[in-house]
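To keep things clear, I will list the structure first and then write my remarks on it.
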Amino acid sequence: MKQIGSPMRLNTTIQIFDYWNKLRGSEIAPLRTQVEPRDIRHLLSSLFMLETSGAGRVTFRLAGTRICDLFGHDLGGSCLSELWAHGHEDMEKTAIGVMEHGIPALLNATGYSTAGHRAAFEIILLPLRDADGECGKLLGAIAPATTASWLEVVPLQFLALDRSRLLHEQLYPLANTTQGAKEPQAATSRSRSIADTVRRLMSSLIDDPAKRDAPFRHYR
């Protein structure tokens, strides 16, 4: 449900933010292992996960099929800045800031295709805690603001940032953190992380190349 006064306008970003906010309870951010792919299966193809590489760059750990199709190539292992005009390394600084401070951010951007088309997008960055309590990864989503047939056939060449803002005002406290929010726990066979699910899906695709409906195709 859309919050009054929220800068988020699209169902994809609203739903993943609400899910993330519910999971975190009274914590600054949920644990990565708390994210249950089955709960957000309808969003998986529009989601991505970012992490910091050993070289200090922000890279894609995984990306949903819709995102990779938007850019026309695999994103696994590529730098976040590569998707933005002129490399836009400020985007990596923004992502690192979200991790360091544990405050989600919303980006409004315009995507430009190789054929000169343009489309507006909402992008959300949500911090995730590692086992040591530090926010070492980001869960994110990218969604087009309008339906455009060319997005299915013409890849985006780059994104240009229009506006960015922190979502601290939307971090509403839950009335009872013991209800509706999962307690932090280690991943089990019943509650797998998104990365674990991606690996299982990829193994399935390798065993049976005819399966092409998995929500994630690219990972490292």
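Taken together, the values in this text are just the output of simple stated rules run on the coordinates, not laboratory data. Worth saying up front: this structure is predicted, and the values here are computed from it rather than measured. No Cβ is skipped: glycine too gets one built from the backbone with ideal geometry, and neighbour counts run over all protein chains shown.
If you stretched the chain out fully between Glu169 and Ala145, how much longer would it get, using 0.36 nm times the residue separation minus the C-alpha to C-alpha distance? Provide the component values of the computation, followed by the final result.
Details: separation 24, 0.36 × 24 = 8.64 nm, distance 2.25 nm.
Stretched out fully, the Glu169 to Ala145 stretch lengthens by 6.4 nm.
List residues of segment 91-124, by number, whose backbone nitrogen lies under 15 Å from a label position 7 Å along Cα→C-beta of Gln157.
Once the point is set 7 Å along Cα→Cβ of Gln157, 110-119 turn out to lie under 15 Å by backbone N, inside segment 91-124.
Could you derive backbone 3J(HN,Hα) for segment 144-160 from the dihedral phi with the Karplus parameters 6.51, -1.76 and 1.60 (θ = phi - 60°), listing whole Hz in sequence and x where the residue is Gly or Pro?
x, 6, 9, 8, 9, 4, 5, 5, 7, 10, 10, x, 6, 8, 6, 10, 10
Once all Cα-Cα distances of segment 1-136 are split into 10 Å bins that start at 0, what whole-number percent is in each one?
11, 41, 38, 9, 1
Mind giving me the FRET efficiency for Thr110 and Lys22? R0 is 35 Å, r the Cβ-Cβ distance, nearest 0.05 is fine. Before the final figure, lay out each step's value.
Details: r = 31 Å, r/R0 = 0.88.
The formula returns an efficiency of 0.70 here.
What residues qualify as long-range amide H neighbours of Leu47, i.e. H under 5 Å apart, gap of 5 or more or another chain, H built at 1.01 Å from N?
Gly64
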